[in-house]
Amino acid sequence: MLAPEEPPYYVSTKRPSLEQDYYECCDRENVDIVNSPIREFTETGIVTEDGKHRDFDVVTICTGYDAVTGGLRTMGIKGRDGLDLDEKWKDGVITKLGMLVNGFPNFLMVYGPQGKQSIACPVSFRT
């Protein structure tokens with residue numbers, strides 16, 4: 001899942017891993033890579049579309065190769081009072097330090113638009 005054998009596009013589609021231990025980090029025993037849509041978040045983790053509950057301390061959602069706003073704007077992320085992130089950014093992207101968006105508590109972008117550095121993260125951690 002991290003490096004498809006069949007590229008989905010003709011050019012520049014493999015993830016260029018600039019970190020020294022990206023794959024080793026994803027291969028650790030306390031890391032699960034989940035390739036199933038999330039149905040809901042619970043107090044202790046997530047429930048996926050297949051009905052399976054998974055306990056996690058941290059859930060990281062990978063949105064694909066649109067490196068700026070594409071994945072974030074199409075995920076249906078809702079902030080306070082149900083405001084959609086796409087609506088919030090309709091006149092331009094505004095973030096705090098490239099990581100936070102006003103009105104979207106508990107929403108943290110590790111490498112979002114206007115961000116200054118990239119941190120490679122596995123899809124999810126469990127203890």
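The values are calculated or read from the model by the stated rules, or taken from the named source; none is laboratory data. Being a predicted model, the structure only gives us computed values, none of them experimental. Cβ: placed from backbone, ideal geometry, glycine included. Neighbour counts: every protein chain shown.
Numerical summary
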| item | result |
| --- | --- |
| Members of the stretch 37-51 that are of a type outside the set (Val, Ile, Thr), touching a strand residue (DSSP E or B) at 6+ places or on another chain (Cβ under 9 Å) and under 22 Å from Asn106 (Cα atoms) | Pro37, Arg39, Glu40, Phe41, Gly45 |
| Residues (in a loop (DSSP other than H, G, I, E, B) and out of contact with any helix residue (DSSP H, G or I) (no Cβ under 8 Å at 6 or more places or on another chain)) located in the stretch 79-90 | Leu83, Lys90 |
| Single match in Gly71, Gly98, Gly76 (criterion: assigned to a loop (DSSP other than H, G, I, E, B), in contact with a Gly (Cβ under 7 Å, 6 or more places away or on another chain), at pLDDT below 90 and under 29 Å from Met1 (Cα atoms)) | Gly98 |
| Residue that is farthest from Val34 (Cα to Cα) [pool: residues in the stretch 101-127 that are modelled with pLDDT of 85 or more and buried (at least 16 other Cβ atoms within 10 Å of the Cβ)] | Val101 |
